[in-house]
Amino acid sequence: MSRTVDVLIIGAGLAGLTAADQLRQAGHERAAWQSEAAGPVRQADIPRQAGLDGAAWQPDSVLVLEKSRGVGGRMATRRIGEAVFDHGAQFMTVRDPGFARAMAGWTKSGVVAPWFGDKNTRYRGQTGMTALAKQLSQQVDVQLSARVVSIAIQTEARAPGAAGTARAAESAQASGAADPARAPGTQAAAAQVSATHSGHSQVWQVLLESGEVILARSLVLTAPVPQSLAMLDAWDSSGKGAGGKGVVAAVLDPAVRARLEAVTYDPCIAVMARLENRSAIPSPGWLRPRSGPISWIADNQAKGISPVPSVTLHAAPDFSRAHWDEDPRELGEQLLARAASDLGSRVLEFQVHAWRYSRPTTPLQTTIRSATDGSLRGDLAVSSGQPANALAATVAGLPVVFAGDAFAAPRVEGAYLSGRAAARLLLSLPPQPEPHPGSGA
Ligand SMILES: Cc1cc2nc3c(=O)[nH]c(=O)nc-3n(C[C@H](O)[C@H](O)[C@H](O)COP(=O)(O)OP(=O)(O)OC[C@H]3O[C@@H](n4cnc5c(N)ncnc54)[C@H](O)[C@@H]3O)c2cc1C
C-alpha cells in the first residue's frame with residue numbers, strides 16, 4: 001500500500017528521529033490544548049505555548065523511512081555472539097543548553113549514562129549507542145528496511161496504468177530493486193498514487209526499493225549529503241529518460257546544489273573484536289593513539305555495554321582513505337596486530353565495518369531568515385545571523401529540508417540540533433493545503 005503523508009523524513013539516525021519527535025510533540029500538544037475543558041485555545045497561542053516561536057502549522061502525519069533493519073544510523077551497536085560493540089559513534093558530548101536539557105532527561109530515564117569525564121562528561125547509551133535512537137523511535141512512525149531509491153515531483157493526477165505508473169516501476173528496476181512487476185502491491189501502489197493524488201497540484205513522490213511509492217507534501221533528508229543528492233539524481237539517471245507523464249525530476253537551485261556538493265566526510269574503517277580475556281586498556285576503557293593507523297580503541301566491557309570482553313578499533317581517516325578498497329579481512333588483521341599490546345588478549349573473532357561517511361569535514365553553515373509570509377528559512381550562511389542548523393529549500397514550490405550533522409556540528413549533538421531545527425523550520429511554514437478527500441493523509 002502506498003501512503004500520503006504530510007512530512008516524510010528519510011533516515012532514522014538521530015537527526016531524523018529528533019525531527020519526527022519534535023513534530024510529534026507539537027501535534028500532541030496541540031491536541032491536548034484543544035481538548036482542554038477550560039475552553040478553546042486560540043490557534044495562534046499554540047506555537048508560543050509549545051516554545052516554537054514562529055510555528056504556523058502542525059502536520060497530522062509524519063513518517064520516517066530507514067533503509068536499515070534498525071534505527072540509529074551512525075549511532076550503531078552490533079552483537080557478535082554475546083559480545084556487544086558500539087562501532088560508530090562512541091560517546092556524546094554536550095555544549096548546547098537545549099541538548100544539555102535533553103541529555104538530563106535521557107539520563108534520568110536511564111536511556112543514557114555518563115561514561116567518563118568530570119567537567120566535559122562523555123555519555124554512552126545505557127545498552128549501547130542505539131539505545132537513544134530506539135527510545136525515540138518508539139514514539140514515532142518508522143518504516144524499517146525501506147530504502148529510498150529516487151525522489152521526484154508528481155505534478156498532476158494520472159490514471160492507473162499511465163506512463164508515470166510504468167515509470168515508477170521502471171525506476172525501481174533500474175535502481176536495483178526487486179522485480180517491480182513481482183513486488184507485492186507495486187501496481188496497486190502506483191494505482192493508489194494516481195487515485196490519491198487527484199486534486200493535489202503537486203507532491204513529492206518517493207520510490208522505495210520494494211517498489212512502494214510514498215507521496216509527501218514536505219520532505220526532510222537526513223542521510224549523509226552525497227546520499228541525499230543521489231536520491232534526487234536517481235530519477236534522471238535511471239536511463240529511461242526524464243520523467244513519465246506528470247512526474248518530473250526534482251532539480252535544486254544551482255547555488256544550493258553547489259554548496260551541498262561541497263560537503264565532504266572522512267571515511268572510517270571500524271574493527272570489532274571479541275577477546276578471550278579482559279583487554280589491557282586501562283579504566284574507563286578507551287585509548288586515543290596519537291600517531292599510526294589507529295585513532296581510537298574502546299573496551300566495550302569496561303564501558304559497561306558488553307557482558308564479555310570486546311573492543312572497537314577505529315582506523316584514522318588517512319589510513320581509512322588510503323586502504324578503502326582493500327580486503328576488509330586483511331585490514332582487520334593488520335589493525336588488530338598493531339593494537340596487540342593494548343588488547344593484551346587473544347582475539348577470538350572479529351568483524352569489519354567501513355563507514356564511507358563517518359564525520360563531515362566541511363559542515364555547511366546556514367542562517368535563519370524570516371520570509372515575507374512569516375515562515376523561517378534556513379538559508380546558505382550570510383555574514384551575520386542566527387545559525388539555522390538545517391538548509392530549507394523549495395523545489396517547484398514543495399518544501400525540502402536538508403538536515404543532519406553536516407548542517408550543525410560533526411557529532412551526535414549536531415545531529416540532534418539539526419533534527420530539531422528541521423522541525424522548527426517546517427512548523428513555521430504557512431498552513432499546508434488540506435489533503436484531497438480520500439487521500440489517506
Ligand atoms: C566511526 C564513527 C565514530 C563517531 N564517533 C563519534 C563520537 O564519538 N561522538 C560523536 O558525537 N559523534 C561521533 N560520530 C558522528 C555521529 O555518529 C554522527 O554525527 C551522528 O550520528 C549523525 O546522525 P545523523 O542523523 O545526522 O546521520 P545518520 O546517523 O547517518 O542517519 C542517516 C540515516 O539515513 C539512512 N539512509 C541513508 N540512505 C538512505 C536511503 N536511501 N533510504 C532510507 N534511509 C537511508 C541511514 O541508514 C541512516 O540511518 C561518529 C561517527 C562514526 C561513523
**Message:** Please go through segment 343-364 and give me each residue that is under 20 Å from C268 (Cβ atoms) and modelled with pLDDT under 95, ordered by number.
**Reply:** T362, P363
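Here's the yes/no breakdown for (1) near the ligand (Cβ under 10 Å from one of its atoms); (2) open to solvent by 10 Å² or more (accessible area, probe 1.4 Å); (3) part of a helix (DSSP H, G or I):
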position	(1), (2), (3)
N389	no, yes, no
A393	no, yes, no
P410	yes, yes, no
A415	yes, yes, yes
S418	yes, no, yes
A422	no, no, yes
**Message:** Can you tell me which of (1) of a type outside the set (D, E); (2) assigned to a strand (DSSP E or B); (3) open to solvent by less than 20 Å² (accessible area, probe 1.4 Å) is the one R377 doesn't meet?
**Reply:** (3)
**Message:** Give me the residue from segment 256-280 that is surrounded by fewer than 23 Cβ atoms within 10 Å (Cβ to Cβ) and assigned to a loop (DSSP other than H, G, I, E, B) and, out of that set, nearest to the ligand (Cβ to nearest atom).
**Reply:** V263
**Message:** Quick check on Q143: is it open to solvent by 60 Å² or more (accessible area, probe 1.4 Å) and closer than 30 Å to I214 by Cα?
**Reply:** no
**Prompt:** Just to be sure, is G51 open to solvent by 20 Å² or more (accessible area, probe 1.4 Å) and either of a type in the set (D, E) or modelled with pLDDT of 65 or more (or both)?
**Reply:** no
**Request:** Looking for whichever is under 30 Å from L313 (Cα atoms) and open to solvent by 20 Å² or more (accessible area, probe 1.4 Å) here; the options are Q365, Q351. Which one fits?
**Result:** Q351
**Request:** With the condition kept exactly as written, say whether any residue in segment 220-241 is more than 26 Å from S418 (Cβ to Cβ), at pLDDT 85 or above and more than 17 Å from the chain's Cα centre (by Cα).
**Result:** no
**Item:** Positions within segment 101-138 being among the aliphatic types (A, V, I, L, M) and either closer than 17 Å to D405 by Cβ or surrounded by 13 or more Cβ atoms within 10 Å (Cβ to Cβ) (or both), in sequence order
**Value:** A102, M103, V111, V112, A113, M129, A131, L132, A133, L136
**Single condition R359 does not satisfy, out of (1) under 22 Å from the mean Cα position of the chain (by Cα); (2) over 14 Å from G13 (Cβ atoms)** = (2)
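The values are calculated or read from the model by the stated rules, or taken from the named source; none is laboratory data. This one's a predicted model, so the numbers in the text were calculated from it and none came from an experiment. Glycine also receives a Cβ, built like all others from the backbone with ideal geometry; neighbour counts cover every protein chain displayed. Please note that ligands, DNA and RNA were not included when accessible areas were found on the heavy atoms of the full protein model with its side chains. Shrake-Rupley method; radii C 1.70, N 1.55, O 1.52, S 1.80 Å.
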